[in-house]
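Reviewing the structure listed below.
The values are calculated or read from the model by the stated rules, or taken from the named source; none is laboratory data. Remember, predicted model here, so these are calculated numbers, not experimental data. As a convention, Cβ positions derive from the backbone with ideal geometry for all residues, glycine included, and neighbour counts pool all protein chains shown.
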Amino acid sequence: MAYPRKYRERVLAFIAEGNTQKEAIRVFKVSKVAIQDWQRLQAESGSLDKRELNRKSRKYHPEKLQEILEQNPDAYLSEIAEHFEGGTISGVSDALFRANITLKKRRKSTKSDAKLNEPSTRNK
């Protein structure tokens, strides 16, 4: 659970006034680990602001996805995944969702599907 910066400041000020961590835990209903993290964050950065997330770049870049779809507009997810090293159907699906790209495909019909779609001859 992320606590607001002012709340963090209040907890650490409470401890700085001479109260113990146990008292702060009881009064503010926060964990010991949270308090220790806040103290470490304040010592390292001098601030209690949240750290920026360092996210790795994604395997499925939206530009490359768009390029593949322009070249192969009827490609299935499995075919698109083959263009990426270690690509998976679910990974491509998630990447398309993040890029707000939708694919409308009919699945390949089989003999049993064809029989279901034939007009019925029983009523004739």
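Assorted remarks:
- Test: LEU53 is among the aliphatic types (A, V, I, L, M), surrounded by 12 or more Cβ atoms within 10 Å (Cβ to Cβ) and not assigned by TED's automatic domain parsing to the domain that holds PHE84: no
- Single match in ARG40, ARG58 (criterion: exposed (fewer than 13 other Cβ atoms within 10 Å of the Cβ) and either assigned to a loop (DSSP other than H, G, I, E, B) or among the hydrophobic types (A, V, I, L, M, F, W, C) (or both)): ARG58
- Taken over segment 5-15, residues that are of a type outside the set (Val, Ile, Thr), surrounded by 10 or more Cβ atoms within 10 Å (Cβ to Cβ) and without any contact (Cβ under 8 Å) to a residue 40 or more places away in the chain amount to 6.
- Among residues of segment 64-81 that are assigned by TED's automatic domain parsing to the domain that holds ALA95, those with a beta-carbon under 6 Å from a residue that is loosely packed, with under 14 Cβ neighbours inside 10 Å at least six positions away or on a different chain give the pairs LEU77/ILE89; SER78/ILE89; ALA81/ILE89.
- Selection count, segment 61-85, where residues are in a loop (DSSP other than H, G, I, E, B) and within 19 Å of the chain's Cα centre (by Cα): 1
- Residues that are under 30 Å from GLY86 (Cβ atoms) and either among the hydroxyl-bearing types (Ser, Thr, Tyr) or modelled with pLDDT of 90 or more (or both) within segment 23-63 comprise SER57, TYR60, listed in sequence order.
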